[in-house]
Amino acid sequence: MFLLDTRHDDFLSGRRRHIYRSIGTVLLTAAALLGILGLTLGGTGLLNLSSEANIQRALNEHGRNADANVIDRFEVQRRDSKGNPNGINYHLTYQFRAGEALVTHTSVVSQELYDQHQAGDSLPIRYLPENTRLSRVVGNHNDSPLRMTLAGLGLLVGAIVCLLLGLRERLRSRRLRRQGVVLHGRLIRARGSWSRAGYHIHIDYIFTKPNGESLLRQAMGVRNDLMNKPMPPGGTQVVVLYVHDGLLFVL
């Protein structure tokens, strides 16, 4: 008898009640991770949006206009959670006088505004006299907080999808365990392949359903113990847990 997962020997012998179907656990784990990332990223984005809205309100009500002088410009590569390039942030560093003080500030600006200004150019800004560290380039629209919020919402949507699929797989596993009929089939062929996850065994098998009809299916499992060893020959017995054609599992 050939088992795609040798741990199912405990299930067949009655020593264990559960079957090993990892997809549900993987999906639920992914849902948790995506949810945490989504809440963190989306929450930070919302806080930044709220903070920026308050700053703009204060500038509109109490700010003063000034002509600043661009002293530096630079780009910063944005990266996603995996470290892959994910766009560019454009920065302008400028100086302006607020009374007797010479203030230096760096702002994230749009690519259009960035391309229009070089070091030494004049730049219209608005600042708060009581807090000169708060200044913004006139006409600039920084959409970074909005992008962050939308990315967080996207991750939360992904978390919900993974959660629903994970719960569905948990329910399917429970139904297989409680209602599944143990049927014996035979192996048609088996082949192995290697990946980072381990040594995968791909099998084609056939078995007879309770109504007498034959059903041909394929399955895959990780069997690192079979690496560099002969594959089980055709005709080897396999065991199938069967509820209906859409819900079955080869052990």
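The values are calculated or read from the model by the stated rules, or taken from the named source; none is laboratory data. Source: prediction; values computed, not measured. Neighbour counts run over all protein chains shown; Cβ positions are idealised from the backbone, glycine included.
Does Ile125 satisfy the criteria of being within 37 Å of the chain's Cα centre (by Cα), part of a strand (DSSP E or B), at pLDDT 85 or above and β-branched (Val, Ile, Thr)?
no
Out of segment 193-221, which residues are touching a residue at least 24 places away in the same chain (Cβ under 8 Å) and over 18 Å from Gln237 (Cα atoms)?
Those that are touching a residue at least 24 places away in the same chain (Cβ under 8 Å) and over 18 Å from Gln237 (Cα atoms): Trp194, Ala197, Gly198, Tyr199.
Among Gly221, Gly152, Gly158, Gly234, which is the only one that is small (Gly, Ala, Ser) and part of a loop (DSSP other than H, G, I, E, B)?
Gly234
Any residue that is of a type in the set (S, T, N, Q) and crowded, with 17+ Cβ neighbours inside 10 Å - is there at least one of those in segment 99-107?
yes
Looking at segment 62-70, is at least one residue in a helix (DSSP H, G or I), in contact (Cβ under 8 Å) with a residue 40 or more places away in the chain and closer than 16 Å to Arg136 by Cα?
For segment 62-70, residues in a helix (DSSP H, G or I), in contact (Cβ under 8 Å) with a residue 40 or more places away in the chain and closer than 16 Å to Arg136 by Cα: present.
Based on this model, can you work out whether Arg7 counts as farther than 21 Å from Leu134 by Cβ, surrounded by fewer than 15 Cβ atoms within 10 Å (Cβ to Cβ) and not hydrophobic (A, V, I, L, M, F, W, C)?
Against the criterion (farther than 21 Å from Leu134 by Cβ, surrounded by fewer than 15 Cβ atoms within 10 Å (Cβ to Cβ) and not hydrophobic (A, V, I, L, M, F, W, C)), Arg7 qualifies.
From Tyr90, Tyr114, which residue is touching a strand residue (DSSP E or B) at 6+ places or on another chain (Cβ under 9 Å) and assigned to a strand (DSSP E or B)?
Exactly one residue qualifies, and that residue is Tyr90.
Could you tell me which numbered condition Leu241 fails, if it satisfies all but one of (1) at pLDDT 90 or above; (2) more than 30 Å from Ile36 (Cα to Cα)?
It is condition (1) that Leu241 fails.
Answer with yes or no whether Ala53 is under 30 Å from Leu247 (Cβ atoms) and in a helix (DSSP H, G or I).
no
Suppose we filter segment 156-176 for residues that are surrounded by fewer than 17 Cβ atoms within 10 Å (Cβ to Cβ) and more than 19 Å from the chain's Cα centre (by Cα); how many remain?
Number of matching residues: 5.
Taking the conditions exactly as written (assigned to a helix (DSSP H, G or I) and either closer than 28 Å to Glu61 by Cα or in contact (Cβ under 8 Å) with a residue 12 or more places away in the chain (or both)), does Arg174 satisfy them or not?
no
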